[in-house]
Structure formats: C-alpha cells, structure tokens
1. Magnitude of the Cβ-charge dipole of the chain, K/R +1 and D/E -1, about the Cα centre, nearest 20 debye?
2. Using a 10 angstrom Cβ neighbour count of at most 13 plus a DSSP loop assignment to flag exposed GluC sites (Glu not before Pro), which longest range of the chain is free of such sites?
3. Using the Cα centre as the reference, give the magnitude of the dipole from point charges on the C-beta atoms of region 66-162 (Lys, Arg: +1; Asp, Glu: -1; all else neutral), rounded to the nearest 20 debye.
4. D114 to Y27: FRET efficiency via 1/(1 + (r/R0)^6), r the Cβ-Cβ distance, R0 45 Å, to the nearest 0.05?
5. Take the alpha carbon gyration tensor of region 1-43, find the square roots of its eigenvalues, order them as a ≥ b ≥ c, and report rounded if a/c is under 1.5; if not, report prolate when a/b exceeds b/c, else oblate.
6. Let me know the charge dipole size of region 1-72 about its Cα centre in debye, to the nearest 20, where only the beta-carbon of Lys, Arg (+1) and Asp, Glu (-1) is charged.
7. Rounded to the nearest 0.05, what FRET efficiency do R44 and H99 have when you use their Cβ-Cβ distance and R0 = 25 Å?
8. Under the rule that an exposed site lies in a DSSP loop and has at most 16 other Cβ atoms within 10 Å, name the longest stretch of the chain with no chymotrypsin sites (Phe, Trp or Tyr not before Pro) of that kind, not counting the sites themselves.
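Just so it is clear, none of the values below were taken in a lab; they were calculated from the coordinates. Since the structure is predicted, the reported quantities are computational estimates derived from the model, not experimental observations. Glycine gets a Cβ as well: all are built from the backbone with ideal geometry, and neighbour counts include every protein chain shown.
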Amino acid sequence: MDEAGKRLAAGETGKVVIQGTNVFSGYEANPKANAEAFTDGWFRTGDQGVIDEGGYLTITGRLKEIINRGGEKVAPREVDDTLLGHEAVAQAVTFAVPHPTLGEEVAAAIVLRDGATATDAEIRGYASERLAAFKVPRRIVFVDEIPKGPTGKLRRIGLAETLGLT
C-alpha cells in the first residue's frame, strides 16, 4: 500500500500489508494500537517491499529504518547492497545521521575485507556511479566491527549515536 492506504501495482514499492484467516484480527481492548496497526482490515507489517509481475514479494527494508533526507526516502538496504559490491567492503550498514536542514542524512559504517584498503572518497565514488545522488552516503565511518543488538543483528537504528555522529 501507499501512504494513503491505496493498493499499489506490481513493481511499485510500498508498505507491506497482510490479511487472512492466519493473521490476528487485532489487539484486545487497545483501539489505539489497532488504529496504528490496521488499514481497512489489512495488518501493516512494518516492512517495505515490492511485488513483481509474477506476484512474488521482495522485502526492501523496515519502514522505521527508512532515511528521510529532506523528503527523499532512502531504503538503507539498497545502499548496503550497493556498498557490498565494492571489492574492499566486507560489511556495510547504512543509517541516518541528524542534519540541521534536511532532517536526516545518509551515512554508512564499513568493515573492510582483511588486507583491503579504501578511502571515504573511493567508497563514495563507487556508490555515486550506482545510486541516485541523494542516496550516496555523505559520511563513511570505517570500523573494525559493526555494533550488533541483543539478538545479534547488525544495529541500524541508534548507530549514529553509538558511533558519536550525533
């Protein structure tokens, strides 16, 4: 669905919603949570995705992780996948950093492969050849290890603060 709750055509990216007999029908005695979680009987999963012409869904990210750079929406996973294509990059996590006029700016934490070298300019140049200009990370932070949350997943939300970029 789009922001207004309209179902999208194949190939369009939007909010992933589900419904069916196997999906719960709502929170007991919590109308506020129900209003936030449901649209016309569809449960909002919190994911962003796209359905292809064959009807297959591809999850493109979590909605709460989307970076809003001056009104331009950036899916961090798309940037991650691009950065991971660079031969020197072993791990990459894209995240938002505060910006005084845009609200949020795109940044990335990078772990280089053993023995590899790369500069901020090289990584940004590589990304700029493959991404729209507004999606290219303005800040690249090289780290030995990307912080993980309690479940072992790479942390995206709060990473700017963890790395001292706020």
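1. Values: 20 positive and 24 negative charges, 66 e Å.
Its charge dipole is roughly 320 debye.
2. Values: sites that count: E3, E12, E28, E53, E87, E129, E145.
Result for the longest clean stretch: 88-128.
3. Details: 13 positive and 14 negative charges, 63 e Å.
Roughly 300 debye for region 66-162.
4. Values: r = 48 Å, r/R0 = 1.07.
After rounding, the FRET efficiency stands at 0.40.
5. Numbers: a/c = 3.49, a/b = 1.81, b/c = 1.93.
Oblate is the answer for region 1-43, as a/c is 1.5 or above yet b/c matches or exceeds a/b.
6. Values: 8 positive and 11 negative charges, 40 e Å.
Here region 1-72 has a charge dipole of around 200 debye.
7. Working: r = 27 Å, r/R0 = 1.10.
The formula returns an efficiency of 0.35 here.
8. Numbers: sites that count: F24, Y27, Y56.
Maximal segment without exposed cleavage sites: 57-166.
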